[in-house]
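Reading through the structure tokens given below for one structure.
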Amino acid sequence: MGGEDITNALIGAVSTDESLLTIDRDYAERLKIDVGVPDENTFTLFEGGISNSQLSTLMTPTLERLVVQIQRTFDYYRSKFPFGEPDKIYLSGGTANMKNFPSYLAEGLGKEVIVINPFEFIKVSEKINQEELKKAAPYLTVAFGTAIDEKKGLNLLPPEIKIIPLIEFQKRIFKFAFVFILFSHSFLCTIPTNFQYGAFF
């Protein structure tokens, strides 16, 4: 699940005090980014007469499913690896810029949520608009990581997890070697000890 699912949840016809409002993809995308997760503690009307409570009704089921899916990812991680559960979430992609989205995830998952900006770790030319770069940064995370990685492949796993497949491979090699030695030993034990080498000539 991701930002596309949130956009799709907003597309359709909504009854407002003014008329029947049809939300197309472009308007849904604007609402998603500019309004974001609606604040239900206030009453606000947006373009076309749609209210924040109506937006919340349309958006909340998808957001809740997304939180559940992320939590399941943590559960899977915990069941497979002998390490503590992640305590921070880094958001990337276009939906990371969605208003109130980081705080919604932080509350739903009980973790610190950070919109990633890889450019804060390097020196960027002053000729580039820094505010625009900050907005674009979540979109460019994968491209940035690929560009600075000196290895041929891209592997973002921490070192302690990267070694697990190697350990599993070594275990399989040892099992194969053990079976081979056991088979060879059994075969040698079945050869009669009193045969004459001359019988083979």
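The values are calculated or read from the model by the stated rules, or taken from the named source; none is laboratory data. What you see is a predicted model, and the numbers here were worked out from it, not measured in a lab. Please note: Cβ atoms are built from the backbone with ideal geometry, for glycine as well, and neighbour counts cover all protein chains shown. Protein only, heavy atoms only, side chains kept; ligands, DNA and RNA dropped before computing areas. Shrake-Rupley method; radii C 1.70, N 1.55, O 1.52, S 1.80 Å.
Checking each residue in the stretch 42-64 for being of a type in the set (D, E, K, R) and open to solvent by less than 70 Å² (accessible area, probe 1.4 Å) picks out no residue at all.
Please work out which residue is modelled with the highest pLDDT, limiting yourself to the stretch 86-99 and to residues that are open to solvent by 60 Å² or more (accessible area, probe 1.4 Å) and more than 19 Å from Tyr139 (Cβ to Cβ). For the stretch 86-99, the residue satisfying everything is Lys88.
Residues in the stretch 129-149 that are more than 21 Å from Lys99 (Cβ to Cβ) and loosely packed, with under 15 Cβ neighbours inside 10 Å: Val142, Ala143, Gly145, Thr146, Ala147, Ile148, Asp149. Would the stretch 8-28 turn up any residue that is in contact with a Gly (Cβ under 7 Å, 6 or more places away or on another chain), at pLDDT below 90 and buried (at least 17 other Cβ atoms within 10 Å of the Cβ)? Checked the stretch 8-28: at least one residue is in contact with a Gly (Cβ under 7 Å, 6 or more places away or on another chain), at pLDDT below 90 and buried (at least 17 other Cβ atoms within 10 Å of the Cβ). Can Glu126 be described as in a helix (DSSP H, G or I) and either surrounded by 10 or more Cβ atoms within 10 Å (Cβ to Cβ) or modelled with pLDDT of 70 or more (or both)? The answer is no for Glu126.
Selection of the stretch 24-55 for residues being among the charged types (D, E, K, R) and not in a loop (DSSP other than H, G, I, E, B) yields Arg25, Asp26, Glu29, Arg30, Lys32, Asp34, Glu47.
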